[in-house]
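Worksheet: the structure to be examined is printed underneath.
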Amino acid sequence: MPTYQFMAMDKTGQEIKDEIEADNEDEAQAIIRQQGYFVTKIAVKKIRKQTDEGGRGKRKKSLAIGGVSSKALTAFTRQLSILQDAGLPILRSLRILEGQMRPGKLQNAVLDTCEDIEAGSTLSEALSKSPRVFNRLYINMIRAGEAGGALEVILRRLSEFMERAESLKRKVKGAMIYPCVVVLVAVSILAFIMIKIVPQFEKIFLDFGSELPPITVLLTKVSHTVVDFWWLIPGFPIFMVIFVKIIRKFRDGRMGWDMFMIKLFVIGPLLEKNILARSTRTLGTLVSSGVPILEGLAITRETCGNAVFERMFSKIGDAIRDGDTISNPMKQFSKPGFHPVAMFFWVCLFAMGPVPFMFVPELTQMLASLVGGLALVGVLAYLVRMNGRIVDDIVVNMVDVGEETGELDTMLYKVADENEETVRVMTDGLVAILEPLLIVFLGFAVGFIVIALFMPLVQLITELS
């Protein structure tokens, strides 16, 4: 008796995947309907062949360490799309691409896919067996293309989607390289001056026994602190990265961190627009490819990468199951709301500035009250910004118009285009602002050090003359 794999929807709209034994497909569908499910797909379970007709074994796979880069997967999708447009069979196209690839996880996944297709599986079924390489978005679009008989069109659309996402990612990462390098070099130079240069000048001043000005005394105290606690310079950023990674392992911690990030000054709006552009383009691509709206929302929720947006898309899916539209719950659940972990990070943002200087004994008592005041400012700033919506009214209105006219995918594409353009403009503006700010900071720091060192030198030369 053959075994059938099926996908079905229950009365609440949840997707069910299971197997059932029956004499034929009609009997299998009748049994599934008796269980209260609505069948959406059914097929005989295929058994992967270990060897082909010639008795040859599987092609040996290479040892793969690490994951698959989005750049490599995008290039593979574009090449597969071109081969399908040329009319080549899918198996031959995959074999051609597999032979051109470097050894790695992507090549191993393509090898497995070819073997599954040879065993009788469809392309989407074969790809679904490599979930670490091909995500649900990728697989469901391929499945929709197979069902509609337009696989080459779906592959072209999928490659264009991935190329747009990769281009936007490169734009944002490229813009962040310059300020990160400048900050790293500036911190290294200042640390070197504090550890090596300032102590030499202090020794000269002490040998002459001259009285040092207050600004020079402060500089020497800061130098002593840097020498004693130099390990904090690389250790503090590493600790913060590890701490955030641990916090994000928990559901409430991830929600609080993501709330903090999308409401952060300057960076928050950029991150928010970037996620909104990626999410709306993902949903628009799925809808235009024929993927059911509930499945599309579930995939978009998994690929958006932010807990606040994940919660919003989850609420939208629940509302649609209850008979509502997309625009109403999108407007209703687009407010992040209050979260104690998010408030904790806002307090740290404001209060951590003076903390490194508290290692200087003379400044500890004075800065303690300052840290408390800044912590209160952080709480007030969070309470003011926490209810700002992550989806603007214009986006909600465009989605509403798309639902009314039946052009939801077109409106989602327009929303994505506008937000991607906004991200580009904001990124260019951020880079333009950061450059003079970094110059001013470096000028202030170097000017403070020069003045603090030259004032006693001038005084010493005057006394000697």
Every residue from segment 326-353 that is surrounded by fewer than 16 Cβ atoms within 10 Å (Cβ to Cβ) and assigned to a loop (DSSP other than H, G, I, E, B) | 335, 337, 338, 352, 353
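Among the residues of segment 151-176, write down those that are of a type in the set (S, T, N, Q) and in contact with a helix residue (DSSP H, G or I) (Cβ under 6 Å, 6 or more places away or on another chain).
Taking segment 151-176 first, the residues of a type in the set (S, T, N, Q) are 159, 167.
Once the filter is applied, which keeps residues that are of a type in the set (S, T, N, Q) and in contact with a helix residue (DSSP H, G or I) (Cβ under 6 Å, 6 or more places away or on another chain), segment 151-176 yields only 159.
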Does segment 200-211 contain any residue that is hydrophobic (A, V, I, L, M, F, W, C), crowded, with 16+ Cβ neighbours inside 10 Å, within 30 Å of residue 463 (Cβ to Cβ) and in contact (Cβ under 8 Å) with a residue 12 or more places away in the chain?
-> yes
Those residues of segment 304-319 which are surrounded by fewer than 20 Cβ atoms within 10 Å (Cβ to Cβ) and touching a residue at least 40 places away in the same chain (Cβ under 8 Å) amount to 311
Would you pick out the residues in segment 139-153 that are in contact (Cβ under 8 Å) with a residue 24 or more places away in the chain and closer than 11 Å to residue 85 by Cα?
-> 151, 152
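Read-outs: derived from the displayed coordinates by stated rules, not from any lab. In this text the structure is predicted, and so the values were computed from the model without any measurement. So basically every Cβ, Gly included, is an ideal-geometry build from the backbone, and we count neighbours across all protein chains shown.
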